[in-house]
Structures are given as structure tokens and as C-alpha cells.
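To start, the structure itself, in C-alpha cells.
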Amino acid sequence: MLGFAWLTLRQAQEALRNGRLEDAHRLLSDAAAQDHKGSWELFQQLAQGFVQRGERHLQADDVEAAWNDLLHAEQVGAAETSAGKLRQVLVRQGLSQVRALVQAGEPGRALEAASQLRDRSVHASELQLLEEAARHWSLAREHAGRGEFAQAIRSVDQARRAFQEPVAALDQFRGELEQRQQAFAAQLGQLHTAVEQARWRDVLDLAEKVLAAAPQHAEARKARGRAWKAIEPVTVADCSPRLAIAPPAEMPQRFLLWIDGVGGYLVCLGTKITLGQATADAFVDVPLFADISREHAALTRDAEGYLLEGLRPVQINGRPVSRALLHNNDRVTLGNSCQFQFRQSVPASTSSRLDLVSGHRLPLSLDAVILMSDTLVLGPGEHVHVCLPERKQNVVLYRHKDGLGIRYGGTFHVDGHACKDKAMLGPSSAVAGEDFGFALEQVGPRWLRV
């Protein structure tokens, strides 16, 4: 056994000389090597090697790698002084990052960064205050999304007290909450009246206004679903049986997807889309009723992902950019306040979704924009592009060389014709299943309807 330990220590020394720290750590972790009298000195060298490499990573702004090396050094349990200095520097940088995220109006990301520091055994009192401020801010957003504006404002005030210094983004958010609260109260009363009187077209308009102020308001969403079922949008085609199915027409680059009882979506098929202000005399793929330029930014899908290019001021997670790749849950701000969240919730699909989170809106009663690459998944759970909570299995729209197809494990009808498992869709098809239904509507170059 001693002979094997000696050999293991020799191998560990060689690994240390060549900078293969992980190999040296693995060798020194062998039970026989740990009992050898020469292992202590090698452990000290190994810990110092991790610290020195961590310092080099830090100088190269690779903070994640620096943290990993520090944790390895601390696990070895030697070189306490140098490891402690590196930890102090990394903790200061981590706290500065959390503080900057809160100041930039990104409480969700601030909480993620704070949680990561907690996982790395950081217990500074400053971290606790920053977490408290970010938590109250996030809670305020949740309250506001549900229309609970009084609770939202109270949470904002708690966040301000926890942060202990003025935060311009938080003060601005509080002012926006007060404005949204005033509009929301009046419009919600009108919505209730319209529902009681069964004025369903008015209900659609008023529900859209209420949801612009409180996107997750349950009553408004339910009222909108009732209105859609009551008046059936003109986009739903007649499902009476026909003698033959015409070959599908070529799909346009954009179309509207109306899902019964769920909502409406703008689906973009192009690899590049433009975003800008909704005006009658200008064309962009995604028109927004917001104080932004007529053509403000562009999104391009390629093999690496989605590239955002700002033609006018753009921020990603509070940081100004002119060109950057987007990641799941990134928040993009156009101009001063028009903000959407970029989501890629289906791991097997490169399609993505843009959710407006700032109270601005698209034309018509639309809930989101879907950038469809290969598939569009409708169904229950989290890993879908559109949630259909009452469904037991997914409904998948997919792109095909002949146009757009649907895949569903069961029977359904397309434009009145019975189908099973798969079928092709036209640019204005209506689909009806046992417990779901949706319709497609073509979108022309100009489709603004206020």
C-alpha cells in the first residue's frame, strides 16, 4: 500500500508541475495518499495553485472560473490567507453586481445573483438588505400583474426602505404603478358592467385595456375568453364538410393565431423581424403602441441563436447594447420604457416568444409574439410556447416544405374535414379538436386596427 501511495504522490507532483490541478486533486484525494506524510505539503501547493489560477481568471474578468478555483482551494483546506484575500475580492464584486442589478430595475436577476452568493457561503449583512429590496420589488411586480396595486405600492415602499438609498428605477416604477392603478380601477368597473350587459365586443376592448395595466388579471382574462366564445372572431372559418381538401396555399411570413378561450398571438416565420412604433404610414413586422422609433430594432435568428440589433437605444437587462445575442428570460427595453421578455421555453425547439411586460401593447387583442423556427408547441406545463392548461397532450404546429402542418395524437378537424395524427394547414385554416380549437388569419403589410 505504501508503495502505491508513493507512486500516487509522484504522479500528483507531476500534475502540479504541469498545471493540471484537477488531476493533482484527484490523485491526492486517494485514501492511501492522504495518509502519507508527504501529502500535506502537496495539498498546500495544490491550494496555492488554485488560488493563483483563480486570480488569473479574475484578471481576465472570468469571475465564474475564479469562484470555482476559490471553492476548490477552500475544499483542499490550505493556503487560508491567500484564499481569504481572493474571497474578499470576489465577494465585493458579487455584492456590487447585485446592487447594480437592483439599481437597473432587474430584481429577478438580482435575486438569482444573491442566491448564487449564498450558495458560495457569503453571509454579508449588505447581501441580506439587497435580497430584501429585490424580493419586495419582485413581489410588487407580481401584485401589479394581478391588478393588486395597493399591495404593489406597499411592496415598493418596503423595497425602498430596505435599499436605504434612492433608486431612480424604483421611484419611476412606483410612479408608473400609481398611473396604472388609476386607469385600471375605471376600466375594471366598465368591464364588469359590459359583462353583466353581455356587450361582448365592448368586453374584448375593455379586457384588453385592463390587461394592458395588469397582464395577469384573472377576471379580465376570463371575461375576454367568454367574449371570444360568444362572438367567435371572424377569423374562424366555416367548418362545414366539403367534398375535397384544396392543396394548402403558401404560408405568409406572418399570421395571427387565435386560440379559443386562451388568446391571440402574432406568429412570425421570417429569420429576421423588425420592431418599431405602430403607425399607419410605416411598416415593421412587430408594431408596438409605444414611444419608440418607427424602426427601432431587429431580431435575427441564425445557427447561434437570436441576435438583437438596436437601430435606436436598446437595453438588455438594464445594460445598453447595440448588438447582442439573447438568452432565455432576457428583458429587452426599447427606448425608455417599452419592455419585453425573451423566452425559449421548449428545449427541443429554436422557436421563441416575446412577452410585453411594460404595459404597452400590440395591435388587436394579442398576448404575445412568437418567432416560429421549426415548431410551435401548444399544451399543458411549462415547456410549451402557449399554455393550454386543460389539455392532456401537446398540439404541435410544424413547418414543412409545403407550408404549415399540425401534429396531434388523435382525431381533429381542419376546415371541417376529419383528420388523424397529422394534417397540413392553409393560411386561414380553422382547427377543432375534442377540447381545443384555434384559427389562423393572414396578416398583410399593414394591419393596424386600434
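The values are calculated or read from the model by the stated rules, or taken from the named source; none is laboratory data. Predicted model only: the values in this text are computed from it and were never measured. The protein model used for the area step is the full one, side chains on, heavy atoms only, and it has no ligands, DNA or RNA in it. Shrake-Rupley method; radii C 1.70, N 1.55, O 1.52, S 1.80 Å.
Observations, loosely collected:
- Rounded accessible area per residue of the chain, 1.4 Å, Å²: 50
- The length gained by stretching the chain between THR411 and GLU14 to full extension, at 0.36 nm per residue less their Cα-Cα distance, is 136.3 nm.
- 0 to 90° range, to nearest 10: angle between helix 168-196 axis and the chain longest Cα axis: 30
- On Cα atoms only, tilt of 125-145 relative to the major axis of the chain in degrees: 10
- Karplus-based coupling profile of segment 59-75, in residue order and whole Hz: 4, 8, 6, 9, 5, 4, 5, 4, 4, 4, 5, 4, 5, 5, 4, 5, 5, with θ = phi - 60° in 6.51 cos²θ - 1.76 cosθ + 1.60 and x standing for Gly or Pro.
- Reachable aspartates and glutamates from LYS420, criterion Cα separation under 13 angstrom, eight or more residues apart if same chain: GLU434
- Considering only GLY335, GLY19, GLY145, the Gaussian network model of the chain with Cα springs below 10 Å gives its largest mean-square fluctuation to GLY19.
- Two-decimal log10 I(q)/I(0) for the chain, as the Debye equation yields it once each C-alpha is a single scatterer, q = 0.08 Å⁻¹: -0.62
- Candidate cross-link partners of LYS222 among the lysines, defined by an alpha-carbon separation under 16 Å and a same-chain spacing of 8 or more, comprise LYS209.
- Computed over segment 344-450, Kirkwood Rh from alpha-carbon pairs, angstrom: 15.0
- For GLU295, distant residues with modelled amide H under 5 Å away: GLN277
- Annotation: aspartates and glutamates with alpha-carbon distance below 17 angstrom to LYS272 (same-chain offsets under eight excluded): ASP285, GLU295, ASP302, GLU304, GLU309, ASP374.
- Helix axis angle, 200-213 relative to the chain longest principal axis, alpha carbon, degrees: 20
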